[in-house]
Amino acid sequence: MNQNKTVDTHNWKRIVIKVGSALIAPNKNGCSSHYLLGIAQFIVRCRSKGVEVVLVSSGSVAAGAHLFDSSSDNIAVKKAMAAAGQTEMMATWDRLFDFPSAQILLTHADLRNRDRYISIRNTIFELLKCGVLPIVNENDTVTTDKLKVGDNDNLSAMVAAAANADALIICSDIDGLYDKNPHEHDDARLLSWVSHIDDEIYAMAGGTNSDVGTGGMKTKIQAAEKAVSHGINTFIVNGFTELTFNMLLDGKNPGTHFQPYAQPLGEELHWITHTSNAQGEVVVEDDFDAALQHESGQLTSREVVAVEGDFSIGDTILVRKKDGTPLAKAQTNYGSCLLNYLADQDKSAPAQANLQNTGAIISEKTIAILEE
Ligand SMILES: Nc1ncnc2c1ncn2[C@@H]1O[C@H](COP(=O)(O)OP(=O)(O)O)[C@@H](O)[C@H]1O
Ligand SMILES: N[C@@H](CCC(=O)OP(=O)(O)O)C(=O)O
């Protein structure tokens, strides 16, 4: 691994900054502007250089905790903390800027739906065009396990991709990624530069040790993986110290820098691979992959062995072999009900199965082939 300390920041036109809960409400005792001041100054200086900024701010649960029984693990209480803490957090950020900011609250259900995703993108672009700072968080009040992203590291990467950002800066309570959790190992070493994210990198990343953080380093690596495949320079940095931001402004790497892909995935392919998740599965014969990858890139009901889950037109599905091997993620042109019907028709009365070729279940343009 290279130890690369310089960063070519001059070409950055747009960045996403993610701020962790420990920086917003370090003691779970309401919001504190102590650490936010340095981050706000960094945002102001970026904007004055013509760099557009989107902020992804965690901390609503931590900020609202002091109003409730903070020892409670009850989900409804956590959601109440988030709802109350969100206004306090937005007010704290707003006080630090002399330009307008805008609140965007999202769930994964919004991001994985293509139309809603486009609407989110367009809103972000419009806010940036008018000089308004978008401040994004997960809409914790309405989420359920099935609907949520669950951590703001992954959310920030999805937002960075949606915003077409040049860089994602994840501000945490630690200097970057170490080869093991430094809170548990005295001999842990900081990695300045990661050129490729693989199992070895994931093995270094542990969970959180803090009362307020979600996901620890693992979700930050997942976020980095999403972002670099979109061509986004990704950093994990220590948000507690102003030196971090001075270094970034000087084109120096203050933490861990993840190298972006030289040839990023196309916009729609990236979305289907890294933002959308499969709502159901279409099972095909074990010898199907060659056809999918090398022939028409299309799948018809004739090839379908089974349909699993409940999905609608436009949803993302997983195409997999009978033996379980995942082949592709794709947007479906059929809902699961009709697809089940078509697949049954093909099996029970092949001669009359005139519906079988009514159209491709998935179309070439919306397929992400998965590596075996
Ligand atoms: N290999 C590692 N390198 C650095 N930190 C690690 C590592 N493994 C686990 N961690 C933990 O991840 C924490 C940062 O994640 P988290 O608590 O979720 O913060 P945030 O609120 O900024 O998202 C660190 O404080 C540390 O306890
Ligand atoms: N939506 C949650 C975000 C939780 C979260 O991901 O926290 P963190 O690990 O500190 O970024 C909140 O605002 O509390």
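The values are calculated or read from the model by the stated rules, or taken from the named source; none is laboratory data. On a predicted model such as this, the values are computed, not experimentally measured, just so you know. Note that we place each Cβ from the backbone using ideal geometry, even for glycine, and neighbour counts take in every protein chain shown. Each accessible area value is taken on the protein alone, full model and side chains, heavy atoms only, with ligands, DNA and RNA left out. Shrake-Rupley method; radii C 1.70, N 1.55, O 1.52, S 1.80 Å.
Structure notes:
- CD proxy at 222 nm, helix term only [per DSSP H run n ≥ 4: -39500 (n - 2.57); per residue of the chain; nearest 500]: -9500 deg cm²/dmol
- Sequence-distant residues sharing a close amide H with VAL305 (under 5 Å, placed H): VAL283, VAL284, GLU285
- Note on PHE68 and ASN209: the model spin-label points, each 7 Å out from Cα along the C-beta direction, lie 2.8 nm apart.
- In percent, rounded to a whole number, the relative contact order of the range 201-297 is 21, using alpha-carbon pairs under 8 Å and six or more apart.
- Using the Cβ-Cβ distance between LEU105 and LYS129 with R0 = 25 Å, the FRET efficiency computed as 1/(1 + (r/R0)^6) comes to roughly 0.75.
- Figure note: HIS108, HIS274, HIS183 ranked by solvent-accessible area, largest first, 1.4 Å probe, ligands and nucleic acids not counted: HIS183, HIS274, HIS108.
- Gyration tensor (alpha-carbon) shape descriptor, the range 45-135, a/c threshold 1.5: oblate
- Filtered trypsin sites (Lys or Arg not before Pro), the range 9-80: DSSP coil and at most 15 other beta carbons within 10 Å: LYS13, LYS49
- Using the Cβ-Cβ distance between LYS13 and LEU96 with R0 set to 25 Å, the FRET efficiency from 1/(1 + (r/R0)^6) comes to roughly 0.60.
- Span-like helix ranges in the chain, DSSP H, alpha carbon extent 15 angstrom or more, Kyte mean at least 0.5: 36-48
- At R0 = 35 Å, FRET efficiency that the Cβ-Cβ distance of LEU370 and LEU243 yields, to 0.05: 0.25
- Ordering LEU128, THR143, LEU155 by the projection of their Cα atoms onto the charge dipole of the range 14-270, which places +1 on the Cβ of Lys and Arg and -1 on the Cβ of Asp and Glu, puts LEU128 at the extreme positive end.
- When the Cα atoms of the chain are aligned to their principal axes, the ranges along those axes come out at 73, 47, 45 Å in descending order.
- Around LYS148: net Lys/Arg minus Asp/Glu count, Cβ-Cβ under 10 Å: -3
- Sequence-distant residues sharing a close amide H with ASN139 (under 5 Å, placed H): LEU106, THR107
- Extension gain, ASN277 to ASP199, is 25.9 nm, computed as 0.36 nm per intervening residue step minus the present C-alpha separation.
- Built amide H within the under 5 Å cut-off of ILE232, gap 5+: TYR261
- Bridge type composition, the range 14-270 - antiparallel percent by DSSP, nearest 5: 15
- Across the chain, the relative contact order, built from alpha-carbon pairs under 8 Å that are at least six residues apart, equals 15 percent.
- For SER48 and LYS146, the difference between the fully extended length at 0.36 nm per residue and the C-alpha to C-alpha distance is 31.2 nm.
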